[in-house]
Amino acid sequence: MVSSRHIPEPLVNHWSHNAKQWQHIGEPLRPASADIQKIVSWIPDLRQTDSTPFNMLLLGATPELAAISWPVSTRLWVIDACIDMIQELLGKKKLSISPNLSVGNWLQLPLPDSLIDLVVGDGCFSMLAADNYDNFTREILRVLKPSGYCCMRFFIRPAEQESIARIHADFLAGKVNNFHALKWRIAMALQRSLQEGVRLHDIWNIWNHYFKNQSDYFSWSEEIGNTIEIYKNNPTIYTFPSLMELKACLDNKFKSLDFYKPAYTLGERCPIFKLQSLDGALNEKY
């Protein structure tokens with residue numbers, strides 16, 4: 001394990017709590033089987049040869065991604081800010097390959113330049129302040145080989161921002177049957193700008209004020225509903241770019257090779273992109 005320098009303590013504590021309730025968290029906060037199948041379907045096109053090691057970096061201890069049946073000769077690195085996420089979700093899980101597990105900062109990846117063939121992550125950008133988006137993409141490109149790829153699921157807010165009143169009306173009309181989608185709708189409705197993001201306690205506060213005491217409308221279990229309690233008094237901030245803001249961040253660094261929009265609730269806000277480093281794309285073109 002390496003040091004988790006410069007990772008805010010509230011963020012580490014937040015994910016430590018999430019690790020303990022992971023079995024009660026579902027899509028869209030976690031990737032669905034169809035998401036995993038889509039990424040798996042892309043992998044054959046991302047390998048240049050079967051005779052050399054396939055170096056893969058997983059950003060975050062997402063067990064669904066770590067458990068993929070990666071190609072023979074894959075070398076897998078997993079880097080997460082929280083030791084509990086690694087130990088609880090991966091340390092006890094039987095994986096097809098034995099990964100190199102590290103506690104680390106995604107803005108200072110503990111890897112040398114040009115090592116990785118493929119970077120995979122789930123919702124990583126939303127865990128960062130908007131001011132760090134460019135730093136994050138540069139760090140991904142630093143560890144990628146010039147012809148390297150990135151497969152990433154993003155959480156993006158809609159072009160037309162919802163109001164809390166609209167979400168509450170849908171809730172009372174029986175149109176909200178996925179608690180995790182409700183959390184994300186509240187979060188995106190509260191975010192006034194990408195730079196400001198949304199504080200987790202503010203999400204909890206809206207839940208507590210408008211929804212918590214109306215259990216007759218719940219279609220989820222108490223255990224699932226309780227997953228939001230780790231947001232209470234939590235200063236951690238999430239960020240949700242619009243599609244235009246996301247493309248502005250990626251366009252000068254990656255070429256978009258493919259795009260997948262999941263079919264589950266709120267899937268239109270959880271697209272998966274298949275990307276190639278712009279240097280690699282230009283080298284192939286010329």
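The values are calculated or read from the model by the stated rules, or taken from the named source; none is laboratory data. Everything quoted here is computed from the prediction, not taken from an experiment. Methodologically, a virtual Cβ is constructed for each residue, glycine included, from the backbone with ideal geometry; neighbour enumeration extends over all protein chains shown.
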In region 97-119, which residues are out of contact with any Cys (no Cβ under 8 Å at 6 or more places or on another chain) and not in a loop (DSSP other than H, G, I, E, B)?
ASN100, LEU101, SER102, LEU107, GLN108, ILE116, ASP117
Given the criterion modelled with pLDDT of 95 or more and either surrounded by fewer than 18 Cβ atoms within 10 Å (Cβ to Cβ) or more than 20 Å from VAL119 (Cβ to Cβ) (or both), identify the matching residue among LEU65, LEU76, LEU95, LEU29.
LEU29
Counted residues in region 32-53 being surrounded by fewer than 16 Cβ atoms within 10 Å (Cβ to Cβ), at pLDDT 85 or above and part of a loop (DSSP other than H, G, I, E, B) come to 1
Search region 151-194 for residues being free of Cβ contacts under 8 Å to residues at least 24 places away in the same chain and among the acidic types (Asp, Glu), and hand back the single one that is farthest from LYS232 (Cα to Cα).
GLU160
Can you name every residue in region 226-235 that is touching a residue at least 60 places away in the same chain (Cβ under 8 Å) and among the hydroxyl-bearing types (Ser, Thr, Tyr)?
THR227
Looking only at region 164-195, which residues are in a helix (DSSP H, G or I) and over 28 Å from LYS247 (Cα atoms)?
ALA165, HIS168, ALA169, ASP170, PHE171, LEU172, PHE179
Right, LEU118: surrounded by fewer than 18 Cβ atoms within 10 Å (Cβ to Cβ) and either under 30 Å from GLU196 (Cβ atoms) or within 19 Å of the chain's Cα centre (by Cα) (or both) or not?
no
Being modelled with pLDDT of 95 or more and in contact with a strand residue (DSSP E or B) (Cβ under 6 Å, 6 or more places away or on another chain) is the requirement here; does GLN191 meet it?
yes
Subset tally (residues that are among the hydrophobic types (A, V, I, L, M, F, W, C) and assigned to a strand (DSSP E or B)) for region 120-163
5
Here is a list: LEU115, LEU128, LEU111, LEU107. Which entry is among the hydrophobic types (A, V, I, L, M, F, W, C), in contact (Cβ under 8 Å) with a residue 12 or more places away in the chain and closer than 20 Å to ILE272 by Cβ?
LEU128
For region 211-225, which positions are touching a residue at least 40 places away in the same chain (Cβ under 8 Å) and in a helix (DSSP H, G or I)?
PHE211, TYR217, GLU223, ILE224, GLY225
Scanning region 202-224 residue by residue, the ones that are over 20 Å from LEU190 (Cα atoms) and either buried (at least 16 other Cβ atoms within 10 Å of the Cβ) or small (Gly, Ala, Ser) (or both) total 6
Residue check for SER98: hydroxyl-bearing (Ser, Thr, Tyr) and either over 24 Å from THR239 (Cβ atoms) or out of contact with any strand residue (DSSP E or B) (no Cβ under 8 Å at 6 or more places or on another chain) (or both)
yes
Search region 237-286 for residues being modelled with pLDDT under 95 and part of a loop (DSSP other than H, G, I, E, B), and hand back the single one that is surrounded by the fewest Cβ atoms within 10 Å (Cβ to Cβ).
TYR286
